[in-house]
Amino acid sequence: MTAFPGGTKINVAIILGIDPKNDYAFKCVFGRPRHARVLIHMLNAVLKPPPEHRVEYVEILNPITEPVVLDEKLSILDIRARDQSGRQFNVEMQMVTHAALQSRFLYYWAKLYSSQLESGDRYDLLRPVVSICFLDALLFPTSGEYHLPFRLWNPESQLVLSKDLEIHLFQLPNFTKTDRELSEPLDLWLYFLNNGMQLDPEDLPTVFQVPELDEAMGALRMLTQDEIERARYEDREKARRDALSWERAMERRLSEGVAKAAAEAMAKGLAEGRAKGRAEGHTEGLAVGTAKGLIGQIRLCEQILKLAPHPEEKLQSMSLDELQIVLERLRGQLP
């Protein structure tokens, strides 16, 4: 609300223009001790624990310290915290994805888990470690889900090997609820991450009338009011843009390479088929060569899309028309 001469008051939107998906902004909101209750609220929203296992207190183990030195590369400003029961959390905002991301999740989890013990300590002293990663991209493009929890269990017998490992991945592009469709605390935080840049802290949707959400918006506002903080935020935005540009350039090169390799695979398969056909005196060889070429293209598409390969015996049993359908479907998913 802004007052003008004569006492006239009108509503003026105050859009902060700070993206909470920026990893520095994310850590300022969730990773500072003075905003511990914001982190607590978000953790309980993700875990949905029974009352006896709710997070009531957190100690942030790696708070932002002065001076902050940020790498030129797109490093991750993760948040490490411990609750009242000794359970540990690793929370991060990942701006871009890469092929080794799944391995990195496990490595960070294992590092936190193993660091709890010193030489001679008993294994029963180990406490659970929960990793939570918000992804501003699709790590699993074939899945339409936005929340992907992972645990150690046997899918056939439903037996749980250990409750100490818990990894939650959030594919933010798949979260498309409007402010009128938000029904639980987790919805609020996912909507905040996706839309916080356009929210007016003076005119939030009614569903956002939650103290922790109001505090999170206040943390974003601070980034607009402090020159040093704003500069750090802008540096991270530049790093994100550079990383995305590099990633798209690599995708184009890979896509061009796949097209070239696919054409070569088809040509090779046709050549082999013609040679076999001439040797055997019938057209079966040509069909075999064409099938080999199509299968080669399918394999290349699966590699660029990071998909589990079709079983070889299944592809071998398909007709040429069926192979062509599979190939066209995969081509349609290429960048």
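The values are calculated or read from the model by the stated rules, or taken from the named source; none is laboratory data. Here the structure is a predicted model, which is why all the values come from computation and not from measurement. Because the Cβ atoms are built from the backbone with ideal geometry, glycine has one as well, and the counts that use them run over all protein chains shown. Keep in mind that these areas ignore ligands, DNA and RNA; they rest on the heavy atoms of the full protein, side chains included. Shrake-Rupley method; radii C 1.70, N 1.55, O 1.52, S 1.80 Å.
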HN-Hα couplings for region 126-136 via Karplus (6.51, -1.76, 1.60; θ = phi - 60°), in whole Hz with x for Gly/Pro, come out as 5, 10, x, 10, 10, 9, 10, 10, 9, 10, 8
Could you compute how much accessible surface residue 15 exposes when probed at 1.4 Å, giving the result in Å² to the nearest 10?
90 Å²
Using the beta-carbon distance between residue 312 and residue 225 and R0 = 56 Å, what value does 1/(1 + (r/R0)^6) give for FRET efficiency, to the nearest 0.05?
0.40
Separation of alpha-carbon centers, region 168-225 and region 15-53, rounded to whole Å:
11 Å
Say each of residue 331 and residue 195 gets a label point 7 Å from the Cα, pointing the same way as Cα to Cβ; how far apart are those two points in nm?
3.9 nm
Sorted by average packing, counted as other Cβ atoms within 10 angstrom per residue and highest first, what order do 315-321, 155-161 take?
315-321, 155-161
Rounded to whole Hz, the Karplus (6.51, -1.76, 1.60) HN-Hα couplings of region 159-172, x for glycine and proline:
6, 9, 6, 7, 8, 7, 9, 8, 10, 10, 10, 10, 8, 4
Expected-Rg normalisation [2.2 N^0.38 Å, Cα atoms] applied to region 117-191
1.46
Long-range amide H partners of residue 166, meaning residues 5 or more apart or on another chain whose placed amide H is closer than 5 Å, are 129, 131
Ranked packing of 183-192, 97-106, most packed first, by mean Cβ within 10 Å:
183-192, 97-106
What does the charge count around residue 38 come to, taking other residues whose C-beta lies under 14 Å from its C-beta (Lys +1, Arg +1, Asp -1, Glu -1)?
+2
Could you compute the FRET efficiency for residue 110 and residue 242, with r as their C-beta to C-beta distance and R0 at 30 Å, rounded to 0.05?
0.50
Relative contact order, percent, region 57-211 [alpha-carbon distance under 8 Å, six or more residues apart]
17 percent
Taking the Cα of residue 179, stepping 7 Å toward and past its beta carbon, and measuring to each backbone N in region 186-226: which are under 12 Å?
192, 195-209
